[in-house]
Amino acid sequence: MNTTETARPATQTFDRLSGWPLRLILLGLLIALPFIPPFNRQDLLRWLIGAALIAAQAIAFDFTAGYINVVNFGFAAFVGLGGYTSTLLALRFGLSPWIGMFVGAAAAALVGFFTGALTLRLRGIFAAVMAWFVGLALLGLTRNLTDLTRGALGLNAPTLLETADNLPYYYIIVAMMILTFVALRYITQSHVGLAFRAIGQNVDAARASGVNPTYYRVLNFTVSCAFAGWLGGFYAHYYGILTPDVMQTSHTVEVLAVAYIGGRGSLWGGALAAFPLIFLTEWLRSTLVDLPGLHLVLYGLLLILVMIYYPGGIAELIRWIQGRLRKAT
Amino acid sequence: MLSATWITIGLAVAIALIVSVTTGPFALINSLVTGGMWALMAAGLALVFGVMNIPNFAHGEFFMVGTLVAYFVFTPISKFLQKNPSPVLSAVAPFAGIILATLVGGVLGIVIEKVLFQQLRRRSKEQWVMNTFLLTAGVSVFIINGTLLIWGTEFKGITRYWDVKPLDLFGVNLTVDRIVAFAIALVTIVAFWLFMQRTNVGRAMRAVSQDEVGAQMVGIDLQLVHTLTLALSSALAALAGASLLFMFPSYPTVGLKPLYVAWYVVILAGLGNVSGAVAGGFIVALLQTLTSYFIGVGWEDVVPTALIILILLFKPSGLFGSEVKGVWEQ
């Protein structure tokens, strides 16, 4: 999956062009997008925000799934935990949502740490299923602790801003998405990231070369859960309504599908895949109202196809195109 | 290992008996009826993991298909019976629905093995366990929403299979449906056990689960065994769904609860341990009944989960150990 690229002089011009300039162009596009005609409508802006939120979650999800090869099936529950923590603090103690989001992240990280410490000694599939159980338990707790969470009725979360305009929210979530990407990318490029990848590829070989798998796995899991909780805070304080449904397994599967279609172990693949996928699904949902579930059928089909025929996902496709272009120049 | 197994089973039986003495036989009977079906679900899940190394996330969807087929077979017949009553037909009709559902479940298993797993197996066996887990997650999303697309979200349920007065057993009203469901579970478990122990196909399945290469060497057709295993497992799940239609009306996500309960059981009993899964099915059902009785409805997911996590802390290979420990090393 991770090809080591040897830069030869003839291809250096291309590499330089596809490095920073490409990133700046993408960043510029993200900033300018809400002003480019079809996207300057409020409803399309809401889709963009939804897409960026899923994109950021897919990055945090891929950080565990694509690097240490542990699929966090309770991911949505950690997102919900962050949202609920932040909302409850705001409602009970009047804490500003801006601070609450970070407290939510800390709460998700704490639960993530204990989940990881308990389950990540075990093999990958055990850890995935146990994370799922923890997610189900958190969902059950939120449903049943009605004094605290009002159960299935849900909570009315205070919004981040006073305005009803979606534009500022768009910039907030894009900033959060970029921050998530930069922070996680920084970790994966460091020597810690090397250890992650070694564990993901072969646990025994990693252990034999002196890497402590449990330590790095728990570290990775905790960081991923922290970002999940933080993004959950945005979810709560943007949509303003929080029900236990955010924690459902189907939401984990949605993020998982986006991350894997985008390409595991790339971080940016999932983020890139999120925008067209969310737009496709939202468009299908709003135009074909009498066909509920069609967009999820497509999700399932895409996930199946990617898993069998193209495990590298969109990231692999783009790397292939890059390779082709490099040969041409 | 054997002693730990018997201590656990003995303890569960003792708890069930003590509780029945204090609260009436209600808890015991309820856990037996649902426990039988959880045992069927979990045995299929454990079998597929043991033989094919696939942690099936779509196992609940076969349960759902079972409820759906049983509903579509049984409802027209029962409408026909309202106009022209016939005691023989009304006694047999439910079985037609249940048997057909089991067959459809088995065929669906064959199709999924041929169309998906065989393709993936041919392409890459790298990180097979994790990849098939995700693949089955995709299958689950596809089947759930495909059903939603075609048949909609309304509940398709029946009040009862057999219109007979409930029996009074130790002061508990016991409908015939429950008794038959329990009988089906018992008969199926015994038949399944005989199949695994006495027939050549069953022996071949056990051989593959112990050592794939060795099994191939003695001339076992791996592809055939894989196909039959998934067919058997999904048929068992569909059978459970069809038999419990009166408790679980059919709708697209009805398989979720049976899915995670089956997973509780399989994790508790040890992945790939089929006979442990049968015992575990009854133990988890007992746990759930006790939780909803003493702590409250809605908590029956939280308490067993917490308990399972605690148990795994001390016994990571599951309560009953596992003969196929090597499998999840991959």
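Structure summary
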{"item": "Shape call, chain B: gyration tensor on alpha carbons, a/c limit 1.5", "result": "oblate"}
{"item": "Segment residue A:99-residue A:208, length gained on full extension (0.36 nm per residue, minus Cα span)", "result": "35.0 nm"}
{"item": "Cβ-based net charge around residue A:261, under 14 Å, with every Lys or Arg adding one and every Asp or Glu removing one", "result": "-2"}
{"item": "For the range A:209-279, the Rg and Dmax computed from alpha carbons only, in angstrom", "result": "14.8, 49"}
{"item": "Most positive-pole-ward Cα, A:240, A:255, A:181, against dipole of chain A from beta carbon charges", "result": "A:181"}
{"item": "Span from the the range B:177-223 Cα centroid across to the the range A:20-51 one, whole angstrom", "result": "56"}
{"item": "Highest-first arrangement of A:92-98, A:55-61, where packing means the average Cβ count within 10 Å", "result": "A:55-61, A:92-98"}
{"item": "Residue among B:282, B:7, B:191 farthest towards the positive dipole end of the range B:2-329, charges placed on Cβ", "result": "B:191"}
{"item": "Likely footprinting exposure, A:243, A:87, A:146, fewest C-beta neighbours within 10 Å first", "result": "A:146, A:243, A:87"}
{"item": "Total charge dipole magnitude, the range A:37-247, about the Cα centre, Cβ charges on Lys, Arg, Asp, Glu only, Debye to nearest 20", "result": "440"}
{"item": "Inter-chain Cβ neighbour average for residues A:118-127, partner chain, 10 Å", "result": "5"}
{"item": "Exercise: per-residue mean of other protein chain Cβ atoms within 10 Å, A:128-137", "result": "6"}
{"item": "Gain on full stretching of the segment that runs from residue A:167 to residue A:190 - 0.36 nm per residue minus C-alpha separation", "result": "4.8 nm"}
{"item": "Ranked packing of B:277-284, B:151-158, most packed first, by mean Cβ within 10 Å", "result": "B:277-284, B:151-158"}
{"item": "Check: chain B dipole with +1 on Lys, Arg Cβ and -1 on Asp, Glu Cβ, in debye", "result": "400"}
{"item": "Of B:132, B:254, B:81, farthest towards positive along the dipole that unit charges on Lys, Arg, Asp, Glu beta carbons give the range B:2-329", "result": "B:81"}
{"item": "Mean Kyte hydropathy of 1.0 or more with a Cα span along the axis of at least 18 Å, helices from DSSP in chain B", "result": "B:2-23, B:26-52, B:87-112, B:128-151, B:176-198, B:222-243, B:256-269, B:274-294, B:302-314"}
{"item": "Charge context of residue B:176, other residues only, Cβ under 14 angstrom, K/R +1, D/E -1", "result": "0"}
{"item": "Net charge dipole size for the protein assembly as shown [Lys, Arg +1 and Asp, Glu -1 on Cβ; Debye, nearest 20]", "result": "960"}
{"item": "Full-stretch length increase - residue B:96, residue B:183 - with 0.36 nm per residue and alpha-carbon distance subtracted", "result": "29.7 nm"}
{"item": "Three-way shape label, the range B:132-287, alpha-carbon gyration tensor, a/c 1.5", "result": "oblate"}
{"item": "Highest average packing first - A:159-168, A:69-78, Cβ atoms within 10 Å", "result": "A:69-78, A:159-168"}
{"item": "Separation in nanometres of the label points that stand 7 Å from Cα toward Cβ, at residue B:173 and residue B:190", "result": "3.1"}
{"item": "Hull shadow area, averaged, the protein assembly as shown [alpha-carbon convex hull, nm²]", "result": "32.9"}
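Values in this text are rule-based calculations from the coordinates and carry no lab data. As the structure is a computational prediction, the values presented were derived from the model and not from experiment. Glycine also receives a Cβ, built like all others from the backbone with ideal geometry; neighbour counts cover every protein chain displayed.
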